[in-house]
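See below for the structure under consideration.
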Amino acid sequence: MRVALDVSAVPDRLAGAGRYVAELARRLPAAGVETTLVSRRGDATRWRAWSPDARLAPIVPDHRASRLVYEACRLGHSDAARNASVWHAPHYTMPRRGPTPTVVTIHDLTFFTNPEWHERSKVAFFRRSIRYSAAHADVLISVSDFTARQIDEFLPGHAPVVVASHGVDLERFSVDPSRDGELFRQHGLAFDVPYVLFVGTLEPRKGLDVLLEAFSELAADRSLELWLAGQAGWGLKEFDELVAHHPAASRIRRLGFVDDEVLPALLRHARVVAYPSRGEGFGLPVLEAMACGASVVTTSNSVMAEVAGGNARLAPAGDATMLAGAIAYSLSMTDDVRLELGGHARRRAEHFTWEDSLARHLAAYDLATASAS
């Protein structure tokens, strides 16, 4: 099988959907798939290092607007597409022209369910693009059962859906703390400070306003800090103001984007990993935290709760008091209880592997080629 994987929308710093695409790009050639990575013109070096056994087609314009026009009008007739058995578009959109069987990944339907969580300019574009993909792709990949149910609800008459959950690197995200102190020192982090950790892109839908309010209730413990790890997204004016005027502002630490080496140590050493997102397609930070045996607090009635499978404390979206209570409960656990529950969380995380995700992608590719023949 020859698969052309469009990696042109993956940012330089991997998180969420970008991590998913990168893990797929690295594993496809090792599975015996003749893989072509279709990248931006100025991005070939990164992908050559990341997936050395894949072919590269650095043909997509670097500028976002030009990239989207190129994808819609020309990419489907490129040599990379014509020479592939399957074209995989892993981020909602697909070429509007071209004969190659196409698989499209739908991460979430929040552009339909909660457009206020996104920049206005993106909502109309992605609604149109997702509807087009649902109607014209040969197969859709959903990253969770949760998203698959929403595809049924919002996209009637859609293409067949294959659910391929995200995975976690169980070697990197482990329960082994032996190098954590060293890693903290190398990155200038205090190892003796108790902290609640958030990991994710800083943007409105992540529930950071609720987390800050909850931290106000927890801040009576004057040793406790709130660490926020992740790159800046959009709509941060209100968040910046909330941090600046927070009663415990001196104990809120913005770490920015953290590299792959130190992230597992941050998760392991956190007293609680809080991920109060209002909505996701999967919620990868929850799975990565569980793989590290961390105590996790996340949102009830969400895909994160489904992923956790009873191994996280839950609070309703937007409820700061309930979130504070869930975090406080986790903070109060003894070390023995924390260790026992962390073992349960780790075993739950072991059900989610990138190898299993890859197998489901291969099944989707087979289905696409069969349906097109």
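What are the residues in the range 226-269 that are of a type in the set (F, W, Y) and part of a helix (DSSP H, G or I), if any?
The one that is of a type in the set (F, W, Y) and part of a helix (DSSP H, G or I): F239.
Would it be correct to say that V162 is in contact (Cβ under 8 Å) with a residue 12 or more places away in the chain and within 30 Å of V103 (Cα to Cα)?
Criteria met by V162.
If you go through the range 4-30, how many residues are buried (at least 24 other Cβ atoms within 10 Å of the Cβ) and closer than 11 Å to A54 by Cα?
3
Of everything in the range 15-29, what is free of Cβ contacts under 8 Å to residues at least 60 places away in the same chain and closer than 23 Å to F282 by Cβ? Give them in sequence order.
Scanning the range 15-29 gives G18, A22, A25, R26.
Cβ-Cβ below 6 Å, separation at least six or inter-chain, first residue in the range 54-74 and among the small types (G, A, S), second at pLDDT 85 or above: which pairs?
Note: pairs meeting the criteria are A54/P29; A54/T35; A54/L37; A57/T36; A57/V38; A57/A80; A72/R96.
(1) touching a strand residue (DSSP E or B) at 6+ places or on another chain (Cβ under 8 Å); (2) more than 23 Å from M304 (Cβ to Cβ); (3) not aliphatic (A, V, I, L, M): which one isn't true of P90, the others all being true?
It fails just one condition, (2).
Does the range 323-353 hold any residues that are in contact (Cβ under 8 Å) with a residue 60 or more places away in the chain, buried (at least 19 other Cβ atoms within 10 Å of the Cβ) and assigned to a helix (DSSP H, G or I), and which are they?
L323, A324, I327, G342, R346, A349
Going by what's in this entry, would D62 be described as at pLDDT 90 or above, among the acidic types (D, E) and within 25 Å of the chain's Cα centre (by Cα)?
No.
Take the residues in the range 149-180 that are of a type in the set (S, T, Y) and over 15 Å from the mean Cα position of the chain (by Cα), then tell me which one is surrounded by the most Cβ atoms within 10 Å (Cβ to Cβ).
S174
Residue-by-condition table, conditions (1) closer than 21 Å to T36 by Cα; (2) surrounded by 14 or more Cβ atoms within 10 Å (Cβ to Cβ); (3) among the charged types (D, E, K, R); (4) not assigned by TED's automatic domain parsing to the domain that holds G309:
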| site | (1), (2), (3), (4) |
| --- | --- |
| L68 | yes, yes, no, yes |
| R74 | yes, yes, yes, yes |
| H91 | yes, yes, no, yes |
| P99 | yes, no, no, yes |
| V103 | yes, yes, no, yes |
| E116 | no, no, yes, yes |
| Y132 | no, yes, no, yes |
| V143 | no, yes, no, yes |
| T147 | no, yes, no, yes |
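Could you check L189 against (1) assigned by TED's automatic domain parsing to the domain that holds E288; (2) under 30 Å from L242 (Cβ atoms); (3) outside any loop (DSSP other than H, G, I, E, B); (4) not small (G, A, S) and say which number it fails?
(3)
Looking at the range 167-192, which of the residues that are polar (S, T, N, Q) and closer than 23 Å to A345 by Cβ is modelled with the highest pLDDT?
Among them, the one singled out is S174.
Conditions: (1) among the basic types (K, R); (2) at pLDDT below 95; (3) not assigned by TED's automatic domain parsing to the domain that holds G310. R360 meets all but one. Number of the miss?
Condition not satisfied by R360: (2).
Working only within the range 230-287, note down all residues that are touching a Gly at 6+ places or on another chain (Cβ under 7 Å) and under 26 Å from T147 (Cα atoms).
G230, Q231, Y275, P276, S277, R278, L284, P285
Take the range 272-311 and flag every residue that is in contact (Cβ under 8 Å) with a residue 12 or more places away in the chain, within 13 Å of A326 (Cβ to Cβ) and surrounded by fewer than 20 Cβ atoms within 10 Å (Cβ to Cβ).
S300 - this is the single residue of the range 272-311 that is in contact (Cβ under 8 Å) with a residue 12 or more places away in the chain, within 13 Å of A326 (Cβ to Cβ) and surrounded by fewer than 20 Cβ atoms within 10 Å (Cβ to Cβ).
Among the residues of the range 209-223, write down those that are of a type in the set (A, V, I, L, M) and at pLDDT below 95.
Scanning the range 209-223 gives L218, A219, A220.
The values are calculated or read from the model by the stated rules, or taken from the named source; none is laboratory data. In this text, all values refer to a predicted model and were calculated from it rather than measured experimentally. Reconstructed Cβ throughout: ideal geometry from the backbone, glycine too, with neighbour counts over all protein chains shown.
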